[in-house]
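This report refers to the structure that appears directly beneath it.
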Amino acid sequence: MTDSVAPKIQQPTANKQYNDVAETLAEALRNNKVDEFSSSSPYAACLFPILKALGWHNVDRELIEALPHFAEDLDLVDLRNILVNIGYESTPLTTFAHTLKAELYPSVFVSDSGDVFVLLDKTEETTGKISHIRYYDAQQEQVITCASTACDMHGTAYLFTDTHASHGQANANNTKTNWFGDLTERFRKLIMHLFAMTFVINIVALIVPLFIMIIYDKVIGTRSLESLPLLLSGIAILIMADLVMRFLRAKLLGAVAGRMDYLIGVETFKQLLYLPPINTERSTVSAQLSQLKQFDSVRDFFTGSNASIVLELPFVLLFLIAIALLAGSIAFIPLLMVAAYIVMAFLLIPHLNRKINRSGKARNNKQRMLIQTFAGRKEIKAIGGESVWQDRFREVSGESIMSNYDTFMMNAIMSSIAQVMMTTTALAVLAFGALAVIQGTLSIGALIATMALVWRVLSPLQGAFLSISRFQQTFKSMQQINQLMRIPVEKSNSSNSLNVKDIRGNIRLDRVSFRYAAKQDPALLGVSFEIKPGELVAIAGYTGSGKSTLLKIIAGMYQPQGGTLFLDDIDMRQLNVMDLRRAIAYVPQDTKMFHGTIAQNMRLANGLATDADLEAAAKKAGILTDILALPEGFNTRLTDNAANQYPPGFLRSLSIARAFVSPTDIVLFDEPGASLDFASDTLFMQQLATLKGQCTMVMVSHRPSHIRLADKVILMQQGSVQFAGDPEQAISILMETAI
């Protein structure tokens, strides 16, 4: 594996308007002015030449999504991270440009003087002809060809590895059984450096007791003060070296912790983001937040004292050998205590795990209730349920406090046991050592040195014993990370799926079935019907009949577990699910706007949309006049509580406009009349009438006024199609069923 690219952290401020790199490139691509973007920095100038040389031909939208945000210009870290995001890992190599082998081209080359180049290709040297190098000069923004002997620049070449699937095979990055182990392997060299530093630190720690022994036995015992200054000078140098080494180890450990924290956070967030919706949407927000929060224990492991304990433990054997050489059989005392620590740990781990699990469950319940309180505060007050809710919170808080108390007491007991064991060991060593001194088999200096070495043996053992709960939590988090990363995701960069192009809007379902869980009844069972291009089809039925599930399957949110769904006579399973969702405009029942401007919210589905595209989409949704009437128009910023600032009809229309930003001939509406007043609903029906015939529209609705606008109605009952045909007849069936 290649070494990871260090994260670049940008902190946007409210008073500073950033010239965002992603937005700059998007504007350049929209207006066909890529040269303006390339001139912003040498690394920006390298972006397109290196992509072309690597043979990357994907759409511009994916490139924009890979760009960093809140960055004023592109630097080396940004460039490498962009290429990692689109599937090209890089490895640095310090070399001369002309000595780099042709098979390692193309690469980005940064000279020692700071100049940036893209080494494009190199011709092999033949008889009578010297090889030539063709490279792109980012400073001059031009391609240059020269003899390889003339390219004697020295610097760092960044070599790229294509991580995309090849030969038509799907990417197998989710088949790894030990993702965390593979991540740790990327830091193998740094971890080896940490162990090397720890070895030097422990050698110094071993020398100090020996120095004390020499002082007692050789200097004080023989009253030979001549050698004392030399010994003190030597030990002072060792102590200074120890301080420097500890500082460097802490610095390196912090760097490793920071980079691992960044990679774990980004990769687990990416994994959760690209999981199939059915894997996440039935899990509560608090449960998902708790899962992500548990991953923090891995970061805390590296940033706290636990990492130092793990680094120190292997060298316990070194000090035991030193004790054996100095004090002979007395070494069995700390050795027996090491065994006692291990036995006690195995005995206490089951009890500790039960208490930790109880404490974690109680903490999650308390957090879940807090989230529910903030989300449903108005509903609680509307029904006058404050006292009932307070009583529930008191019970949850009491359980959390009691479980934390039990865990605290367990840790206190373990701490007391560890302290008693450590003190007992020291007293035993002192007692047997005193007898050996009296018998003349051990010197006083050797006894003092032995006592110091015993503390060096027991200190990391005591620390490890007291950190059992943290180690357990860290191992559990590692296992959870591995389990999460093994789940297949939807994102696919492979070339074995068909691209979605020129959709006509013909949708055909052939005996489609789906259930949410193996032990649940089917949500859909043998559903078959056809929607022709340009039709407006309404899906109706009572609660639990499978309407929304059916719409989500058409939108590509769920995959049929039985039967087949065809889009323009193509099995949807052959299509790239990400491209499919971008090609279908889906307006969910719950309108959600994100923090940002109206333009930014509308461009979520299509980063290449021009201002004219936004206006056209808003006009199509019947909301252009309302947006332009705002003080800042499309630059109006929507806050987190936008739902309380704007009418529901405005937000619903804005959601429809966002769906129209991407060119599409299929529009799906899930309960579009939800939360709309009479005026907003009238406006929506006018929009439907205007769009009718221009694109294929599928609408889940129970309102007769909406159903009458449809060309055809699919009436659902208990997951099956009860009726498919005329709207008036469907309404009659619904009325008869209601009676």
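The values are calculated or read from the model by the stated rules, or taken from the named source; none is laboratory data. The shown structure was predicted, so the numbers you read here are calculated from the model rather than taken from an experiment. Here Cβ is always computed from backbone atoms with ideal geometry, including for glycine, and neighbour counts include all displayed protein chains.
Taking the criterion of being assigned by TED's automatic domain parsing to the domain that holds residue 190 and more than 36 Å from the chain's Cα centre (by Cα), would at least one residue in segment 304-317 satisfy it? Taking every residue of segment 304-317 in turn, at least one turns out to be assigned by TED's automatic domain parsing to the domain that holds residue 190 and more than 36 Å from the chain's Cα centre (by Cα).
Pairs are defined by a Cβ separation below 7 Å, a sequence spacing of at least 6 or placement on different chains, a first member in segment 514-538 that is under 18 Å from residue 690 (Cα atoms), and a second member that is assigned to a strand (DSSP E or B) and among the hydroxyl-bearing types (Ser, Thr, Tyr); the pairs so defined are 533/696; 534/696; 535/696. Determine if segment 433-442 includes at least one residue that is touching an Asp or Glu at 6+ places or on another chain (Cβ under 9 Å) and surrounded by fewer than 19 Cβ atoms within 10 Å (Cβ to Cβ). No, because not a single residue in segment 433-442 is touching an Asp or Glu at 6+ places or on another chain (Cβ under 9 Å) and surrounded by fewer than 19 Cβ atoms within 10 Å (Cβ to Cβ). For segment 86-110, the candidate set comprises residues that are assigned to a strand (DSSP E or B) and among the hydroxyl-bearing types (Ser, Thr, Tyr); within that set, the residue that is surrounded by the fewest Cβ atoms within 10 Å (Cβ to Cβ) is 94. Is it the case that some residue within segment 678-685 is without any contact (Cβ under 8 Å) to a residue 40 or more places away in the chain, among the hydroxyl-bearing types (Ser, Thr, Tyr) and touching a Pro at 6+ places or on another chain (Cβ under 7 Å)? Yes - at least one qualifying residue is present in segment 678-685.
Scanning segment 289-297 turns up at least one residue that is farther than 30 Å from residue 518 by Cβ and either loosely packed, with under 14 Cβ neighbours inside 10 Å or at pLDDT below 85 (or both).
The set of residues in segment 376-408 that are farther than 22 Å from residue 348 by Cα, under 36 Å from the mean Cα position of the chain (by Cα) and without any contact (Cβ under 8 Å) to a residue 12 or more places away in the chain comprises 376, 377, 378, 379, 380, 390, 394, 395, 398. Selection of first residues in segment 249-271 that are under 25 Å from residue 85 (Cα atoms) and of second residues that are of a type in the set (S, T, N, Q) and assigned to a helix (DSSP H, G or I), restricted to Cβ pairs under 6 Å at least 6 apart or on distinct chains, gives the following pairs, ordered by first then second residue: 257/303. When we screen 361, 366, 381, 355 for residues that are assigned to a helix (DSSP H, G or I), more than 28 Å from residue 413 (Cα to Cα) and at pLDDT below 85, the only hit is 381. Regarding residue 161, is this residue closer than 29 Å to residue 115 by Cα, at pLDDT 80 or above, of a type in the set (Val, Ile, Thr) and surrounded by fewer than 15 Cβ atoms within 10 Å (Cβ to Cβ)? Yes.
Taking the criterion of being of a type in the set (Asp, Glu), modelled with pLDDT of 80 or more and under 22 Å from residue 674 (Cα atoms), the only residue of segment 588-631 that qualifies is 626. Looking only at residues that are of a type in the set (Gly, Ala, Ser) and free of Cβ contacts under 8 Å to residues at least 40 places away in the same chain in segment 330-353, which one is nearest to residue 454 (Cα to Cα)? For segment 330-353, the residue satisfying everything is 331.
Out of 597, 543, 610, report the one residue that is within 30 Å of residue 704 (Cβ to Cβ) and among the polar types (S, T, N, Q). So the residue among 597, 543, 610 that is within 30 Å of residue 704 (Cβ to Cβ) and among the polar types (S, T, N, Q) is 543.
Condition check ((1) more than 19 Å from residue 535 (Cβ to Cβ); (2) at pLDDT 80 or above; (3) surrounded by 22 or more Cβ atoms within 10 Å (Cβ to Cβ)) across all residues:
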position: 654; (1), (2), (3): yes, yes, yes
position: 667; (1), (2), (3): no, yes, yes
position: 671; (1), (2), (3): yes, yes, no
position: 676; (1), (2), (3): yes, no, no
position: 734; (1), (2), (3): yes, yes, no
position: 737; (1), (2), (3): yes, no, no
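Condition first: assigned to a helix (DSSP H, G or I), surrounded by 21 or more Cβ atoms within 10 Å (Cβ to Cβ) and within 27 Å of the chain's Cα centre (by Cα). Now tell me which residues in segment 553-579 satisfy that. Scanning segment 553-579 gives a single hit, 553. Going by the structure shown, is residue 523 at pLDDT 90 or above and of a type outside the set (Lys, Arg)? No; evaluated as a whole, the condition is false for this residue.
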